[in-house]
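Q: Okay, handing you the structure first.
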Amino acid sequence: MGFTDADWSAIGLTIKLASVVTLLLLLIGTPIAWWLARTRSAWKGPIGAIVALPLVLPPTVLGFYLLLVMGPEGPIGQLTQWLGIGLLPFTFWGLVVASLFYSLPFVVQPIQNAFEAIGDRPFEVAATLRANAWGQFFTVAIPLAKPGFITASILGFAHTVGEFGVVLMIGGNIPEETRVISVQIYDHVESLEYTQAHWLAGGMVVFSFVVLLALYTFNRNRSSSASNGSSMRFGG
Amino acid sequence: MLSKTSIDVRFNLKRSGFSLNVDVSIPGQGVTVIFGHSGSGKTSLLRCIAGLEKSPQGYLSVHGAVWQEGKRVIPTHKRPLGYVFQEASLFDHLTAQGNLNYAIKRSSDTVTSNEVEHIISLLGLSKVLDRFPSQLSGGERQRVAIARALLVKPKLLLMDEPLASLDVARKQEILPYLESLKQALNIPIIYVSHSPDEVARLADHIVALDQGNVVANGPMNEILSDLNFPLRLGEDTGVVLEGDVVERDTQWHLMRVQFGADKGTLNPVNSSLWVRDSGCALDKPVRVRILARDVSLALEHHENTSILNVLPGSVVEIASDVDDGMDLVKIDVGSTIILARISKRSVTHLELVANKQVWVQIKSAALVQ
């Protein structure tokens, strides 16, 4: 026994989806995290809450509204039709867009925390060393926030792999297009193919465990090496 | 008035429970120490000068270049300054060399490899360049930070208590570097400190701050010998004399330091001090710090005394010390001013008044540079 062709296709599709979403989220999430970490604007609260919404909303709620917005009558739907792309729901790219929203907090929050942990001092130092805002961002913020980026990538990827509700609402169940692992498992169970379901579900358990183990090991090594090093570098 | 030779500073800053009101002109050369107790606004003032703190109604010109005039502000990264923070604040992700390169890359002028080597050797860093900040001692980190600030080739160096976060041994490790820096560099340094010892060693000019206001501003000698200096220093009250090593007594391990403005015409006995031989070269400019508590006064000259330095002088002024039992006496010894801290009883007993002739007995005089 093992994976069927349909299983393999679902696995491939899932990895492709999670990779694309993680990459895009790093690009989109970094400026949002930077803004949230550095701003003193009154909008910090509301924007932060919106970014965090997918943490608490049922995926079906998110999927429902995304379906409306991207549908033929919705603003994004109108836009994509006007651009000649057609409609996004029930396509791979529709799934990508939905996943961007769904996994956004898992990428933004670790990066935001890492940016906040840097504090003001390194940026002041960089300014006295003639670095402008861009220079400060690329030579100070990004390298010092590297652990945050690694955590964000792992969480963003893993969370996208695990989504189900949003996929069903937006993507449906189209082989090679939107049928990811979680949907495939659902199909197996529906058709009482428990052995097949076990292979995929067990695989997911192992995958999730390995990812989290890697993440925790990484974080633990980092904090112990940080405490071994001498203190008070950016303190005070 | 735009002055090409001075640094004109005017800032008003309001924070909750604190305000800074500064309007001073300081010399565009040498070391100006911004002196004051903690919470007096020293660091805020320095941050205003660097542009790190926003003061909407501020004015700042350095050597005739206007850095801020109200809302027209040159941002920090465009100001030709170097800044040394209280904590070294090195970039943790870069080695010592990487930290220095960060500055070299962004310097306003090209930094030649000779200049880099000069600064690295000035601060004694050649052995630690490939280490990360976490592998450096506190003193080494601060030296890297100073070298880094110098490598952007600043026209003004700002130092915010660079020794405050270090223990005594580390302080003694860095102070000589700062002193040689002062002599090797041709740029003005504004140095924030609350330590009378650092003032004695480094200051040419003093701006004293108290609760956000300037309470004294002038040359180091004048300020330290001012009996009405508002920041009472208690045990640390004393003067600093600048002179040259003119003679060495190898038998007794002593050096004679001559001070006073017009050395040629002065009687050398009245204008020089014997201090312990520190091994420094003849004719080298040095500083001698004489604490008021180490100076006693007598009406007659005693030959049989262990005190090496006894100078004739006349009383200028007497004022009460912070200590109820003590007075501060300002004495003119012909070439300079010396302060003595003696008991009120002695002042009465010796009938000290202005213009009275006295013998100034200096129990200890420390070479600070």
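Each value in this text was obtained by applying a stated rule to the coordinates, not by laboratory testing. Please read these numbers as outputs of a predicted model, since none were measured by experiment. Backbone-built Cβ (ideal geometry, glycine too); neighbour counts: all protein chains shown.
Q: How crowded by other chains is B:153-165, given as the mean number of beta carbons from other chains within 10 Å of each beta carbon?
A: Mean shielding count: 1.
Q: Kindly provide the helix-only [θ] at 222 nm of chain B, computed as the sum of -39,500 (n - 2.57) over DSSP H runs of four or more divided by all residues, to the nearest 500 deg cm²/dmol?
A: For chain B, the value works out to -6000 deg cm²/dmol.
Q: Pairs to check: B:105/B:284; B:182/B:356; B:127/B:155; B:4/B:153; A:146/B:105; B:42/B:330. Give those whose C-alpha atoms are more than 31 Å from each other in this structure.
A: B:105/B:284; B:182/B:356
Q: While we're on this one: Between segment B:63-108 and segment A:38-83, what's the alpha-carbon centroid distance in Å?
A: Taking the Cα centre of each part, segment B:63-108 and segment A:38-83 sit 41 Å apart.
Q: Chain B: D in µm²/s via Stokes-Einstein (Kirkwood Rh, Cα pairs, 37 °C, 0.692 mPa s)?
A: 147 µm²/s
Q: Could you order the peptides A:141-148, B:289-296, B:231-238, B:246-253 from most to least packed, using the average number of other C-beta atoms within 10 Å per residue?
A: Highest mean packing first, the order is B:289-296, A:141-148, B:231-238, B:246-253.
Q: How much length, in nm to one decimal, is gained on full extension between residue B:168 and residue B:251, taken as 0.36 nm per residue of separation minus their Cα-Cα distance?
A: Stretched out fully, the residue B:168 to residue B:251 stretch lengthens by 26.7 nm.
Q: How large are Rg and Dmax for segment B:198-240 when only the alpha carbon atoms are used, in Å?
A: Cα only, segment B:198-240: 9.8, 26 Å (Rg, Dmax).
Q: A further question follows. For segment A:125-198 and segment B:140-157, what is the centre-to-centre distance using only Cα atoms, to the nearest Å?
A: A separation of 43 Å, based on Cα centres.
Q: Please tell me the relative contact order of chain B in percent, rounded to the nearest whole number, where contacts are Cα pairs under 8 Å and at least six residues apart.
A: Relative contact order, chain B: 16 percent.
Q: Arrange the peptides A:67-73, A:94-100 so that the one whose residues have, on average, the most other Cβ atoms within 10 Å appears first.
A: A:94-100, A:67-73
Q: Now for a separate question. So between residue A:209 and residue A:27, what do we pick up on full extension, going 0.36 nm a residue minus the alpha carbon distance?
A: Full-extension gain reported as 62.9 nm.
Q: Where the convex hull is taken over the Cα atoms of segment A:8-110, what is its projected area averaged over directions, in nm²?
A: Taking a quarter of the hull surface, the average projection is 7.7 nm².
Q: Suppose a student asked you for the relative contact order of chain A, using Cα pairs under 8 Å spaced at least 6 residues apart; what percent would you report?
A: 30 percent
Q: So how many Å³ per residue does the convex hull of the Cα atoms of segment B:238-367 work out to?
A: Enclosed volume per residue, from the Cα hull, is 105 Å³.
Q: In segment B:6-235, what % of DSSP beta bridges are antiparallel (nearest 5)?
A: Counting only bridges with both partners in segment B:6-235, antiparallel ones make up about 60 percent.
Q: How far is helix A:5-38 tilted off the main Cα axis of chain A, in degrees rounded to 10, range 0 to 90?
A: With rounding to tens, the tilt is 30 degrees.
Q: Using only the alpha-carbon atoms, how far is helix A:194-228 inclined from the longest principal axis of chain A? Give it as 0 to 90 degrees, nearest 10.
A: Long axis of A:194-228 versus the principal axis of chain A: about 0 degrees.
Q: Using only the Cα atoms of chain A, what semi-axes does the equivalent ellipsoid have when each is the square root of 5 times a gyration tensor eigenvalue? Give whole Å, largest first.
A: Ellipsoid half-lengths, sorted descending, are 37, 24, 13 Å.
Q: Can I ask one more? Kirkwood hydrodynamic radius, computed over distinct alpha-carbon pairs, for the protein assembly as shown: how many Å, to one decimal?
A: 29.4 Å
Q: Pop out the ³J(HN,Hα) list for segment A:88-102 in order, Karplus 6.51 cos²θ - 1.76 cosθ + 1.60 with θ = phi - 60°, rounded to Hz; leave Gly and Pro as x.
A: The phi angles translate into 7, x, 6, 10, 4, 6, x, 5, 4, 4, 4, 5, 4, 5, 4 Hz.
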